[in-house]
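Below you'll find the structure, written out as structure tokens, and then a few comments.
The values are calculated or read from the model by the stated rules, or taken from the named source; none is laboratory data. A quick note: this is a predicted structure, and the numbers were derived from the prediction, not measured. Cβ: placed from backbone, ideal geometry, glycine included. Neighbour counts: every protein chain shown.
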Amino acid sequence: MGKALVIAFLATLLLLVATAVLLLFELASSLLHVVSLLLAGRSPHLGDFLPADPAFRLWLYLVGVYLLLLVPLSVLLVLLHGLHLARKGGDRTFPPPWDMRGRRTAVVLTALDDEAAIGGAVDEYRSLPDVGTVLVAENASGDRTAEVARQHGAQVVTVKGRGYGHTCIGGLRAALELTDAEVIVLTEGDGTFFAEDLRKLVPYLADCDLALGSRTNRELNRPGSQMDWFMAWGNLFLAFLVRLRFWDSPFLGAIQLTDVGCTFRAIRRQALERILPELSVGGMYFSPHMIMVAVRNHLSVVEAPIKFRERVGPSKGAGHSRRRAISIGWEMLKEITLR
Ligand SMILES: Nc1nc2c(ncn2[C@@H]2O[C@H](COP(=O)(O)OP(=O)(O)OP(=O)(O)O)[C@@H](O)[C@H]2O)c(=O)[nH]1
Ligand SMILES: [Mg+2]
């Protein structure tokens, strides 16, 4: 049902936009008609201001019926159906509760040509008491990223396959293979995240499998961060689509999500072992892919706001340019809607 909900929602949005554009054209032509009447010395009537095309009037009528009758009715049915299912118990499972004290933690940092940022990032994570190993997942850097990471005490993992997603998957796999960590943290080596925010994410693992960071909280965004209005609206919109995709009436979505592109996330070892074979997206839209794989595998996923600041060094992702952000957003939209 989730897929149908997302497609119906997007189709309704498109319908609204198309109707607004058509309405503008119709109003413009009515206005021209009124001006021509005035120039001819005749006084226009109220009807002269309204769209005259009978086909367009029929269109407006049908759209009106759809929006005022069919949409509210469908929303009501979906809500009631979901509430009914929830009352019957549903198929929810909960991970066994965890005592978080002394849990061994490994941190995976993604990095590509991040020579300027990686040293500081590695130092920050290594200074945290619970963090054992810091891995830097790296592949095609043309600069000294790997060398600097090693100098600062990180273990460098050379990942096969270019791209952000391949890097995340390779780094997560290496954390399972090379360490005995019970908590695995994925984050970026570009300096945008605060290592200390692990204290906000990891404690959630006492009661859930995967704790996601969210960068869309205004109060936690530092000046110069990548999260401008466009990125914030885009992430909130796509996060809403994920909620629709995994619809749950009592909580308006099986997962409370406000950001789909935040790399900073912490996961229990057993949960990662479960989903790793299904992680397959190599590109920049890996983040929502991992969230969706987790929900499909019935992992319990919690999101928490974290701080976000300006990047050190040149961006390779959505912060690079508006065009790049739109193309990544489009890939994410397809992933959320069609997969
Ligand atoms: N190894 C590797 N790392 C990558 C690749 N693409 C991106 N990264 C890293 O993954 C992280 C995300 O890329 P960023 O350039 O920060 O993109 P972004 O987070 O969307 O945008 P900004 O933070 O604004 O720059 C960074 O740590 C990059 O260095 C890649 O192809 N290979
Ligand atoms: Mg980044």
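A few points about this structure:
- Annotation note: of LEU31, LEU15, the sole residue that is assigned to a helix (DSSP H, G or I) and either farther than 30 Å from ILE336 by Cα or at pLDDT below 90 (or both) is LEU31.
- Matching residues in segment 117-148 - criterion: being among the hydrophobic types (A, V, I, L, M, F, W, C) and within 11 Å of ligand 1 (Cβ to nearest atom): ALA117, ILE118, ALA121, VAL136, ALA137, ALA140, ALA146
- Test: residue in segment 315-331 that is in contact (Cβ under 8 Å) with a residue 40 or more places away in the chain, in contact with a Pro (Cβ under 7 Å, 6 or more places away or on another chain), on the phi < 0 side of the Ramachandran plot and among the polar types (S, T, N, Q): no
- Just so you know, in segment 285-314 the residues that are free of Cβ contacts under 8 Å to residues at least 40 places away in the same chain and of a type outside the set (S, T, N, Q) include one that is farthest from ligand 2 (Cβ to nearest atom), and it is ARG296.
- Within segment 137-168, considering residues that are more than 18 Å from LEU186 (Cβ to Cβ) and of a type in the set (A, V, I, L, M, F, W, C), the one surrounded by the fewest Cβ atoms within 10 Å (Cβ to Cβ): ALA140
- Segment 173-202, residues that are surrounded by fewer than 23 Cβ atoms within 10 Å (Cβ to Cβ), within 16 Å of ligand 1 (Cβ to nearest atom), farther than 19 Å from VAL312 by Cα and of a type in the set (A, V, I, L, M, F, W, C): ALA174
- If the condition is being more than 16 Å from ligand 2 (Cβ to nearest atom) and touching a helix residue (DSSP H, G or I) at 6+ places or on another chain (Cβ under 7 Å), then segment 233-246 contributes LEU238, LEU241, VAL242, LEU244, ARG245, PHE246.
- Flag if VAL75 is in contact with a helix residue (DSSP H, G or I) (Cβ under 9 Å, 6 or more places away or on another chain) and outside any loop (DSSP other than H, G, I, E, B): no
- Any chance GLY224 is at pLDDT below 95, over 14 Å from the mean Cα position of the chain (by Cα) and not polar (S, T, N, Q): yes
- Within segment 282-296, at least one residue is under 24 Å from LEU109 (Cβ atoms) and touching a strand residue (DSSP E or B) at 6+ places or on another chain (Cβ under 6 Å).
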